[in-house]
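Below you'll find the structure, written out as structure tokens, and then a few comments.
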Amino acid sequence: MSAELTGMADDRRKGKLRTALLLAAFALGLFVFTLYTGLK
């Protein structure tokens, strides 16, 4: 039972990390795009 609970918590943490990475990548892409169009 405890192993199942830790597995679930681990999955949730991985999901949070993936969401954070996706948001960071999106923000970075938006920043670079804005910078690029601004320089033009």
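At a glance:
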{"item": "Pairs with Cβ under 8 Å, 6+ apart, first in region 23-40 and touching a residue at least 40 places away in the same chain (Cβ under 8 Å), second part of a helix (DSSP H, G or I) and among the β-branched types (V, I, T)", "result": "none"}
{"item": "Residue check for F26: of a type outside the set (K, R), under 9 Å from the mean Cα position of the chain (by Cα) and at pLDDT 95 or above", "result": "yes"}
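The values are calculated or read from the model by the stated rules, or taken from the named source; none is laboratory data. Keep in mind it's a predicted model, so treat the numbers as computed, not measured. Every residue, glycine as well, gets a Cβ built from its backbone with ideal geometry; the counts of neighbours run over all protein chains shown.
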